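Rule-based calculations on the coordinates, nothing more; no lab input. Every value quoted in this text rests on a predicted model; they were computed, and no experiment measured them. For neighbour counting, all protein chains shown are included, and Cβ atoms are generated from backbone atoms with ideal geometry for every residue, glycine included.
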Amino acid sequence: MKVFLEKFIGGNKNETSVKLKGNEQIKRQVTAMFGLLADLYGSDKLVLRAGKLDALQFMRSERMEERVLALQKLVFEDPTFNTPPEQEAIPGILEEIEEEIADNIARRTVEDQLEKKISEKLQQRHEEYVKEIKMQVIKENAGPENAHTLKKLALLEKMEQKKLTTSAMEFLRPASFEEIVGQSRAINALLARLASPYPQHIILYGPPGVGKTTAARLALEVAKAAKGTPFAREAAFVEVNGATLRWDPREATNPLLGSVHDPIYQGAKRDLAETGVPEPKLGLVSDAHGGVLFIDEIGEMDPLLQNKLLKVLEDKRVFFDSSYYDPHEPNVPQYIKKLFEEGAPADFILIGATTREPEDINPAIRSRCAEIFFEPLTPKDIQAILTQAAGKLGVFLDNRVAEAISEYTIEGRKAISILADAYGLACYRDKTDCGCPAITLEDVLEVAQVSRLSPYATCKVSSRREVGKIFALGVLGYLGSVLELEAVAFPARSQGQGAIRFNDTAGSMAKDSVFNAASVIRKLTGEDLSNYDLHVNVVGGGRIDGPSAGVAIFLAILSAIQGRPIPQDIAVTGEVSIQGKVRAVGGVCEKIYGARQAGIKTILLPAENENDVPSEVKGIQVVLAHTVEDIIRHVFPPTDVDELVS
């Protein structure tokens, strides 16, 4: 430090001391020090500094001791120096002052160098920032497009210009309620619950391909046009398949209800991610706000997701939560703060459709929804659909084409698909331009063979009578079916040691029905089935899960052991109690429609099911029975019960 100071006072201290002696040397040292301080602080600032430290009068003093005192005040910035030093102490004091001035000069030099570097860095950063701003402005003015992206856009626009014709299913989809065949009751019920000032949530049950989705879409259009309904003209119809709705239990994603994209892992918007703000993503329930949310196959939804949907139906809002959300963060946009604090609106009408049984649907959802059942389509309904579709296609149907297609399916969608395939065959065969070909029976049969289709109704109904054979009625889902039961009886080889054999695949309850029938027959006729080797068979090996085949089993066995023929255009259903009563069964509507599909003329039902019989049953006779005697009177006319029992 001394060397640095001596550079300013004109040489080495020892050399100076040789040349100058005594007070003259001290005087020059003091003068040089004042000069250094003036250069270090500036003359004006040095005067101000001296005034604050009460050193101004000592600086102007003629006495050397007082000038040294002024140096002490200025250099050490200590106003407590009030006594001028002794003459003998001045050299030591000057040496201390020299050291302090040297330190200040060195410190100031380092600070100047740092400030210079800082200024250079700031200037460099400023230039880079200005350059970046210029590039951003240029990019914004030029847009995000370049030669590569413009080429891709041109390819997409060229692809948009190439369009095939619409599919037959889309072209032939019903455009009005009048085109939906066989569902007038269900449609009226749907409109009554939707086109109302107080619309209800609805669940539509029924087999596939009968028009549930189309009816729901058309019902909203009617409701929007009706007076007094809450639906606006722009009310949305949001459609989704419940089987495809998946969600992450960690709430990372939920397309139905919505989710929150955190700023780190899920890629919120750039401006939000940079400030660490989570972004709520609205779901389908918010898209359907003010309209209808249609969930097809609602029975296939995840049970936990169904429970979450219930909460939305109750609150009519969706609430979001995130550990990244800070309500006091000033960078949170107002719409995000509103979503987190108030939730997103989700006031909609839910319409669910399913092919499952009502018991398979969440009971809490069922309790909040009106339930409407769509009927299975009859052969006449299928034929009406085909005739209507042929008119739209502008084709001619040969005789028995519609009837032949109705033998292979009871679904309107499948019938249209078969017709479309046959239409394609007709166009190919005639080599026409698909203008107006004729669809023949051979076209339909070829489609059936290529598609490996088999007739839906396999039972052969006739007016003749047969011994030991009867048609029973069953239900699978929403579809009724006709089961063919047959029985044969032989005298036992040993009296009282006969055997009864029944299909193992039919189920335990059906076997119990055999034993119930044996007890009732013994009670009525006195015949003990242990005197017979009896074989009861369900043709095709069908499984009978309930006791509803009891009446059919009873009649087949009774016919077999007494040789009495049964008409083959009659079907029966009902449980037989051991007291001979015919008890109620389920699925009456489905069984009646299944019998009509098979061509059955008469159905015998338990009298307890009287209220379950549809009011508009056409083309089939329904007979109600309280006991097996009522059944016998109808199946074996004109023989009366007393003659048969005797």
Review point. So how do 324-333, 111-120, 586-595, 98-107 stack up, highest first, on mean other-Cβ count within 10 Å?
Key: 586-595, 98-107, 324-333, 111-120
Point to revise | DSSP-defined beta bridges in the chain - what % are antiparallel, rounded to 5 | key: 45
Check your understanding: Can you list residues whose amide H is under 5 Å from Tyr408's amide H, if they're 5+ apart or on another chain and H is modeled 1.01 Å from N?
Key -> Tyr456
Point to revise | Computed label-point distance, nm, for sites Lys523 and Leu40 using a 7 Å Cα→Cβ extension | key: 12.7
Study note, to complete from the structure: per DSSP, antiparallel bridges as share of beta bridges in segment 183-373, % nearest 5, sits at 25
**Study point:** Evaluated at q = 0.14, 0.20, 0.23, 0.25 Å⁻¹: base-10 log I(q)/I(0), Debye formula over Cα of segment 392-450
**Key:** -0.33, -0.67, -0.88, -1.03
Exercise for review: Given a cut-off of 22 Å, name the pairs among Lys52/Lys116; Lys281/Lys338; Lys212/Lys380; Lys414/Lys618; Lys281/Lys316 whose C-alpha atoms lie farther apart than that in the structure shown.
Suggested key: Lys52/Lys116; Lys414/Lys618
Point to revise | Nearest-20 debye value, segment 392-450 charge dipole, Cβ charges on Lys, Arg, Asp, Glu | key: 180
Check your understanding: If you average over every viewing direction, what projected area does the convex hull of the Cα atoms of segment 145-215 give, in nm²?
Key -> 9.0
Review point. Expressed in nm to one decimal, what extension gain is obtained for the pair Thr387 and Glu160 from 0.36 nm per residue of sequence separation less their Cα-Cα distance?
Key: 78.3 nm
Exercise for review: Out of all DSSP beta bridges with both ends in segment 465-645, state the antiparallel percent to the nearest 5.
Suggested key: 60
Point to revise | Calculated FRET efficiency for the pair Ala226/Leu476, C-beta based, R₀ 51 Å, to 0.05 | key: 0.85
Practice item. Would you list the P(r) distribution for the chain, with all Cα-Cα distances sorted into 20 Å bins from 0 and each bin expressed as a whole %? Key: 13, 26, 21, 12, 8, 9, 8, 2, 0
Review point. Size of the dipole of segment 183-373 about the Cα centre, Lys and Arg at +1 and Asp and Glu at -1 on the beta carbon, nothing else charged, in debye to 20?
Key: 780
Review point. For segment 465-645, which semi-axes, largest first and in whole Å, follow from the square roots of 5 times the eigenvalues of its Cα gyration tensor?
Key: 26, 18, 14
Point to revise | Segments 216-225, 600-609, 149-158 sorted - mean Cβ within 10 Å per residue, highest first | key: 600-609, 216-225, 149-158
Exercise for review: At 7 Å along the Cα-to-beta-carbon direction for both Leu310 and Asp347, put a label point, then send me their distance in nm to one decimal.
Suggested key: 2.4
Review point. Among Ile603, Ala215, Leu445, whose Cα lies farthest out toward the positive end of the dipole of the chain, if unit charges sit on the beta carbon of Lys, Arg (+1) and Asp, Glu (-1)?
Key: Leu445
Practice item. Note down the net charge around Lys392, summing +1 for each Lys or Arg and -1 for each Asp or Glu among other residues with Cβ under 14 Å from its Cβ. Key: -2
Revision key, fill the gap. Counting only residues 5 or more apart in sequence or on a different chain, those whose built amide H sits under 5 Å from that of Ile203 are Gly352, Ala370, Glu371, Ile372
**Study point:** Dipole magnitude of the chain, debye to nearest 20 (Cβ charges: Lys/Arg +1, Asp/Glu -1, about Cα centre)
**Key:** 1220
Exercise for review: With viscosity set to 1.567 mPa s and temperature to 4 °C, compute the Stokes-Einstein D of segment 183-373, Rh being the Kirkwood radius across alpha carbon pairs; µm²/s, no decimals.
Suggested key: 73
Practice item. Highest first, please rank the peptides 281-288, 126-133, 237-244 by the mean number of other Cβ atoms sitting within 10 Å of their residues. Key: 281-288, 237-244, 126-133
**Study point:** Long-range amide H partners of Asp569 with built H, under 5 Å
**Key:** Ser462
Check your understanding: Simple spin-label model, 7 Å along Cα-to-Cβ: Asp512 to Val450 in nm?
Key -> 5.0
